[in-house]
Amino acid sequence: GFFTLIITTSTLLMTILGGGALLETNRYLARKHKRAVVNLFSNSIIFSLIATIILFIWMRFFKCYPLEDLFNNKIIYIIILTLPFILLQEAIKGIFWGLEEIKRYNLINISRSVLLIASNILLLILFRKNIETAIMGWAITIILITVIAVFYIFKEIKTFYLSLNADIFIKSLNIGWRTFLISIIGMFSLKMDIYIIRFFINNSAVGLYSIVILIASIANITPMIAGMLIFNRGVSREKKGISDTAKLNRVCLLYSICISLLIILFGKFFIISLFGEEFSVSYFCLIYYLPAIIAQNMVSVISMYMAGREGFAIFNIISIALSLFVNIILNIILIPSMGINGAAISASVAMFLRVILDTCYFISKTELRLADLVFSKNSDFVELKNFSERKVPTWIK
């Protein structure tokens, strides 16, 4: 639970400083202006330096407020140290995403996960160090992965010089304020339940709920990748992008239902095997969270396409904001009486509200029917069969 609070807080602070907006803006502009990678990377470095100055000013005048209610000063300073590196890392990931360099994008994420697992095994299991030492290992991991990300970007641009382009800078600002609102509201929507659980219950409950979030994140990997692909299709405004989005959404919905059935059948065994009998409570919470998994997988495709097509329209902000509002209200009502199950129910209701809004908006803009987004067709299975035989479907190329 404590480790979850550390990761969540650093991610939230990174988003508040504009890291989410930086990723989304770079992703959009790298797709639209492939020759402007040097300019985008230059903007990212300057942005990270400005964020570092803001952090310094904050610590100078406000000390550790308001984080001292959650952590001691040492932990807070470790979090602050890592934030500029996380910002730069997210900026580079956004560039690779926009360039469709998905392998390098994934290598950054995979390398971070592998190093973090190795660090935790080494420090917590082999050397039996305390949680503060593990947090230090996490910070070192973040710094190392940022160095690797910078190395990848140098390989992409071959050489580097600080280059500021007025047109790219203005476009970054124009897209940035919308992506900032979307990223910060979206982050609060996904993470606020962690803090409400911590407020009403304790760190142990956060730990139990974090298992649910972990499994949901694993279940969302495939639709998230589909959303990454379809976002770029939306930015390029290809006519075929609409039908591809509908097809991907049908496939992701079917995938989500299958994953949900597997979780119902084997989820409890999986959780107990990995974490122990005391974590079996997380299984029942996970069952309540299944509708959120299904809805989030649909949102990953539909909302990504519309965001790419319309350059993060105001509707994206409204949709996420309404979902956040409902989630917070339901959390405050349900968590005191139902514990972490209440948080799962709140997330499911809020996420389904968002998928309804996004689906209606998508249909109004494309004139497709609801059936086109929901019910699978024989052609979907034929193309999946071709894919399993290593024949890449035309809608993924």
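The values are calculated or read from the model by the stated rules, or taken from the named source; none is laboratory data. As the structure is a prediction and not an experimental result, all values here were calculated from the model. Every residue, glycine as well, gets a Cβ built from its backbone with ideal geometry; the counts of neighbours run over all protein chains shown. Areas reflect the complete protein model, heavy atoms only, side chains present, ligands, DNA and RNA absent. Shrake-Rupley method; radii C 1.70, N 1.55, O 1.52, S 1.80 Å.
Here are the numbers for the structure shown:
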read-out: One residue from 243, 236, 204 being out of contact with any strand residue (DSSP E or B) (no Cβ under 7 Å at 6 or more places or on another chain), modelled with pLDDT of 80 or more and among the polar types (S, T, N, Q); value: 204
read-out: Among the candidates 44, 113, residue that is under 22 Å from residue 307 (Cα atoms) and hydroxyl-bearing (Ser, Thr, Tyr); value: 44
read-out: Residue list for region 310-324, filter: part of a helix (DSSP H, G or I), open to solvent by less than 40 Å² (accessible area, probe 1.4 Å) and more than 13 Å from residue 188 (Cα to Cα); value: 316, 319
read-out: Every residue from region 329-371 that is within 17 Å of residue 244 (Cα to Cα) and among the basic types (Lys, Arg); value: 365, 369
read-out: Qualifying residue in region 170-188 (condition: in a helix (DSSP H, G or I), under 25 Å from residue 108 (Cβ atoms), touching a Lys or Arg at 6+ places or on another chain (Cβ under 8 Å) and at pLDDT 80 or above); value: no
read-out: Every pair of residues 6+ apart whose Cβ atoms lie under 8 Å, when the first sits in region 46-67 and is within 26 Å of residue 195 (Cβ to Cβ) while the second is open to solvent by 80 Å² or more (accessible area, probe 1.4 Å); value: 64/73
read-out: Failed item in (1) assigned to a helix (DSSP H, G or I); (2) more than 30 Å from residue 344 (Cβ to Cβ), with residue 163 passing the rest; value: (1)
read-out: For residue 162: the one exception among (1) over 30 Å from residue 314 (Cα atoms); (2) open to solvent by less than 90 Å² (accessible area, probe 1.4 Å); value: (2)
read-out: Selection count, region 140-159, where residues are more than 13 Å from residue 89 (Cα to Cα) and open to solvent by less than 30 Å² (accessible area, probe 1.4 Å); value: 1
read-out: Helices (runs of 4 or more DSSP H) lying entirely in region 1-114 (those with 3 or more residues that are open to solvent by 50 Å² or more (accessible area, probe 1.4 Å) and either closer than 25 Å to residue 221 by Cβ or out of contact with any Gly (no Cβ under 7 Å at 6 or more places or on another chain) (or both)); value: 2-16, 37-62, 73-98
read-out: Enumerated helices (runs of 4 or more DSSP H) restricted to region 325-397, each holding at least 2 residues that are open to solvent by 80 Å² or more (accessible area, probe 1.4 Å) and at pLDDT 85 or above; value: 340-366
